[in-house]
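Student: Here it is: the structure, laid out below.
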Amino acid sequence: MPPRSEASGLVIDDLSRSFGQTRALASATLRLYPGEIHSLVGENGSGKSTLIKILSGVLSPDSGTLIWEGDAPQLGSPSSAQGAGIATVFQETLIVPEMTVRENIYLGTDRIFRYGHRKGEELAGARQALSDLGLDGLDLDRPMWTLSLAERQLTTVARAMIRPWRLLILDEATSALDAQQRDRLFEYLRFAREQGKSVLFTSHRMDEVLGLADRITVLRQGATVGTMPVAQASRRGILSLMSGRADVTDVADVVSAEKGLDRRGESERQQSPPQRPVLRVEELTLRATAKPISLEVRAGKILGLAGLEGQGQVEFVECLCGLRRPADGRALVLNDNGESRSVRGYRAANRMGVRYVPRDRRYEGLFGPLSVFDNFAVTLWSELNQFGLLRRQQARKRYQQFADSSRLVAASPKRPISVLSGGNQQKVLLGRWIAMRPRVLVVNDPLRGVDHNTKEELYRLFRRLAADGVAIVFLSTEIVELLTLTDQIAVFHEGSLVAMLPTEVSSDTDVVAAMFGADRQHDDRQHGGANG
Amino acid sequence: MTDSSPITATDGSLEQAPATGQPGSSTSRKVAAAVAANFTTALPYVLVPVLYVLSLIFIPGYFSKVSIISLLILASLLGLASLGQTMTIIAGGIDLSIPSVIGLSDIIVTQLYYKGWSLPVIFLLIAAIAIVIGAISAISSVLLHVHSLITSFGMSLVVSGIALEFSNGAVTGAVPGWLTSSVSVIGKTGPIPIPSIIIVWAVASVLAVAFMRLTRIGRETYALGANSVAAKMAVVRSTWILIVVFAISALCAAMVGIFFAGYSGIPDPTVGQPYFFLTITAVLIGGTSLLGGRGGYQRTVMGALIVAELTTLLVGVGFNSSFQELALGILVIALCSTYGREIKIAAKI
């Protein structure tokens, strides 16, 4: 490997960045040498994306040192980062669907009055980049929307490649690629390494990390917890660093304490007769390339859904509540007589008792200008009306019931909901459906941005609902939440269900391992391909 | 964090703040903020009497029953035309077809009555046409995923085309005498010495406010306008709501067209043209937000009164119509900027 000096390459020390109360990046440290391929790994929310956004000029750091090629660059905007020789391929495939492949590749290189490049140059450059990626045959004049997801992703890589880069950042840029396309891309990256260029990449596939990187840096909760040469790294070692196995005792204690707390409730539950299934998923296929999913959720049970970003768990939830049609298979809701009806459309699913609490509170849940009461009661009026006239008295009664039982902190139901804390807003959004007696409650990351105490209250709320016989499907990005609350955890990887972990006997390392597609003995739907 | 508003950190605790003995400064700041918030909320209600007093001062001999009645007739026409507009705006849309529906209705009444049709039949026909027009604006907006600004504007062109074709350049028409007296300053409603349009407006206002507050559709209209995505997630009947509010809007416009016919007695397809912007002006001055989900018809009633008073005042002191528009424009901007502020202050307390 080429000689390493601090004067060249990238030096990051103690970099931090907060969003309001949340510290996305607390203390990131990273050394990246010329001629090195470096992998950045960490769980969701560990700060990888924030660090990458800082390096590509999308965000600015709050404090810390960032030195690139010997001096502190002004990375105030994406174009200034590109000017400094840093090109980034982002996680989301950022394309303009109506423009052609060539135009998408040269997007952003135009000057004000004329194109930055002649058309001939552009064609040659684009063709060269795409052929390096194994897309020789791609018609450069095709509109972008006609391309497959993998082709789009490669086009965004090509867009970075045609820039004069000395540091290429790939943020989950391989998620849609098949093995062959991936190998081709890696070949190109290794070739660039020989020329003294640097590559920083993130991937949810452990085999890619171990197969491509020279060194690996692990982030956890916004801080660097270790950097190691790949020769000294093992799959297990990295996973435990990521999940914080060093201080896993704390997490485990919390979890077991939580479980202990819940024992009483559980034993009460056990005394009641075994509940019948209320939700059945039959051979449901999320993507053409994924394996069909079959499972059952019984009344009173909480099924957790886990997975790294974009592995199919969100699509699964959307299929359950009728917002999305599966590629194949179906979801069925069973009524009290055991008759089943398949989920077709959001409204129909809702009528069958599948109530959905979406992920994005502000955009999908809250009616900002309306009062707490109006936000709560909006779903009730379909039941509580007589010839279209509201039965306010009943609605108020239900509100009072709910506010008492959930310990809702709101001085007056007449205040706008926007003055409540995130946790209390979430209570109202849940209450909206709880008051409608759900059969299946599907919640998408409901504890996001909720403070610790309110989280505890919401845990209790979910447990009480389950005890009342509601089946809960609980998607979360926080493994601790899943271990604390659910009965079983379904782990998704690349659109397939790769593991069904009984929470009782599972640890966070088990879940993380399954999220990366690792082998699991509990796993009977074995996921053959991805192994490190 | 995209999901929590910046004020969340202060939640619950701040309600208890005075009781738990916070420093006086923060309490007084809160009081000041509350006063400011209530002041801007109350502003249209304050402006109505203030403008009236100004008219009394600046227009000699203004204090008379005739001048009050004529002011109220003016406000009634605008208020009725803005009734459905308020609802479409609260639902997150806007109805630009009001002037042409007024014109069409004016033509139909004057022409068909002239031809000897019976009045109930004419009214039923107009109502049916209005409902269809409103429904088309709403349904096409939903099906084509186009804002109702565009679909209702398209409908407006279609309807004025039909009105012009139907009037065929006719300059003669007829209206029943009671219709003329219903918008006349000396008109009576039964024994009450007030022209019936004012009574109609008063009754319609009470019904409209009750509709928005006490019915399922009313509440769901606010939800839809506040956040259409969340409304979908809460299974609010978005399409049905839009059809209802746009139909109401067209019905109100049709009613105003009928009154206009009584006013002039001759067919005029362009009679509604000033209402293109005036209805929106009345809604905005009242304090209903164009963003949807916020406001109410009680505020538009004030808005209509303010517009009528301001127009009367400016005419009374001798300003021409171009100056009236200028003044209305300034008033809209000035008032709406204070309403925008009110939201932030209210959120901070």
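Student: Which residues, counting only those in segment A:331-367, are more than 7 Å from chain B (Cβ to nearest Cβ), in contact with a helix residue (DSSP H, G or I) (Cβ under 6 Å, 6 or more places away or on another chain) and not aliphatic (A, V, I, L, M)?
Tutor: Once the filter is applied, which keeps residues that are more than 7 Å from chain B (Cβ to nearest Cβ), in contact with a helix residue (DSSP H, G or I) (Cβ under 6 Å, 6 or more places away or on another chain) and not aliphatic (A, V, I, L, M), segment A:331-367 yields only A:Arg355.
Student: Here is a follow-up. Looking only at segment A:425-449, filter to residues that are away from every other protein chain (no Cβ under 12 Å) and under 15 Å from A:Val278 (Cβ atoms); which one of those is surrounded by the fewest Cβ atoms within 10 Å (Cβ to Cβ)?
Tutor: A:Arg437
Student: Being small (Gly, Ala, Ser), facing chain B (nearest Cβ under 7 Å) and part of a helix (DSSP H, G or I) is the filter; apply it to segment A:409-424 and report the residue that is farthest from the chain's Cα centre (by Cα).
Tutor: A:Ser418
Student: While we're here: Within segment B:64-89, which residues are out of contact with any helix residue (DSSP H, G or I) (no Cβ under 6 Å at 6 or more places or on another chain) and either over 17 Å from B:Thr311 (Cβ atoms) or of a type in the set (Asp, Glu) (or both)?
Tutor: B:Ser64, B:Lys65
Student: Checking B:Leu214 against (1) touching a strand residue (DSSP E or B) at 6+ places or on another chain (Cβ under 9 Å); (2) more than 30 Å from A:Pro369 (Cα to Cα), which single condition isn't satisfied?
Tutor: Failing condition for B:Leu214: (2).
Student: Considering each residue of segment A:368-408, count those that are under 28 Å from A:Arg463 (Cα atoms) and facing chain B (nearest Cβ under 8 Å), and give that number.
Tutor: Filtering segment A:368-408 for residues under 28 Å from A:Arg463 (Cα atoms) gives A:371-384, A:394-408.
Imposing the further condition that a residue be facing chain B (nearest Cβ under 8 Å) reduces the set to A:374, A:377-379, A:381-382.
Residues flagged as under 28 Å from A:Arg463 (Cα atoms) and facing chain B (nearest Cβ under 8 Å) within segment A:368-408 amount to 6.
Student: Kindly establish whether A:Glu194 is surrounded by fewer than 21 Cβ atoms within 10 Å (Cβ to Cβ), in the same structural domain as A:Gly70 (by TED's automatic domain parsing) and acidic (Asp, Glu).
Tutor: yes
Student: Taking segment A:63-104 on its own, how many of its residues are surrounded by 15 or more Cβ atoms within 10 Å (Cβ to Cβ), acidic (Asp, Glu) and assigned to a loop (DSSP other than H, G, I, E, B)?
Tutor: 1
Student: Filter segment A:278-325 down to the residues that are assigned to a loop (DSSP other than H, G, I, E, B), of a type in the set (A, V, I, L, M) and without any contact (Cβ under 8 Å) to a residue 60 or more places away in the chain, then identify the one that is nearest to A:Pro358 (Cα to Cα).
Tutor: A:Leu323
Student: Here's another thing I want to ask about it. Pick out, from segment B:113-232, the helices (runs of 4 or more DSSP H) lying fully within it that include 1 or more residues that are within 24 Å of B:Gly92 (Cα to Cα) and of a type in the set (A, V, I, L, M).
Tutor: Once the helices (runs of 4 or more DSSP H) in segment B:113-232 are filtered for at least 1 residues that are within 24 Å of B:Gly92 (Cα to Cα) and of a type in the set (A, V, I, L, M), what remains is B:119-143, B:148-167, B:196-214, B:216-226.
Student: Determine, yes or no, whether B:Thr239 is more than 7 Å from chain A (Cβ to nearest Cβ), polar (S, T, N, Q) and under 19 Å from A:Trp381 (Cβ atoms).
Tutor: Considered against the rule, which asks whether it is more than 7 Å from chain A (Cβ to nearest Cβ), polar (S, T, N, Q) and under 19 Å from A:Trp381 (Cβ atoms), B:Thr239 comes out as yes.
Student: Still on this structure, please answer the following. Right, A:Ala129: under 21 Å from A:Asp178 (Cα atoms) and either touching a His at 6+ places or on another chain (Cβ under 9 Å) or free of Cβ contacts under 8 Å to residues at least 40 places away in the same chain (or both) or not?
Tutor: yes
Student: Step by step: first the residues of segment A:493-516, then only those that are in a helix (DSSP H, G or I) and hydroxyl-bearing (Ser, Thr, Tyr), then the one that is nearest to A:Glu481 (Cα to Cα). Which residue is that?
Tutor: Among residues in segment A:493-516 that are in a helix (DSSP H, G or I) and hydroxyl-bearing (Ser, Thr, Tyr), the one nearest to A:Glu481 (Cα to Cα) is A:Thr503.
Student: Moving on to the next point. Condition check: touching a Phe, Trp or Tyr at 6+ places or on another chain (Cβ under 7 Å) and within 27 Å of B:Ile266 (Cα to Cα). Does B:Gly161 satisfy that?
Tutor: Considered against the rule, which asks whether it is touching a Phe, Trp or Tyr at 6+ places or on another chain (Cβ under 7 Å) and within 27 Å of B:Ile266 (Cα to Cα), B:Gly161 comes out as no.
Student: Report, by residue number, each residue of segment B:219-236 that is out of contact with any strand residue (DSSP E or B) (no Cβ under 8 Å at 6 or more places or on another chain) and either at the interface with chain A (Cβ under 8 Å from one of its Cβ atoms) or at positive phi (or both).
Tutor: Answer for segment B:219-236, where residues must be out of contact with any strand residue (DSSP E or B) (no Cβ under 8 Å at 6 or more places or on another chain) and either at the interface with chain A (Cβ under 8 Å from one of its Cβ atoms) or at positive phi (or both): B:Glu220, B:Tyr222, B:Ala223, B:Ala226, B:Asn227, B:Val229, B:Ala230, B:Ala231, B:Lys232, B:Ala234, B:Val235, B:Val236.
Student: Still on this structure, I have one more. With respect to the numbered conditions (1) touching a residue at least 12 places away in the same chain (Cβ under 8 Å); (2) assigned by TED's automatic domain parsing to the domain that holds A:Phe474, which one is the sole condition not fulfilled by A:Phe402?
Tutor: (2)
The values are calculated or read from the model by the stated rules, or taken from the named source; none is laboratory data. Keep in mind that this is a model prediction, so the values were computed, not measured. All Cβ positions, even for glycine, are placed from backbone atoms using ideal geometry, and neighbour counts span all protein chains on display.
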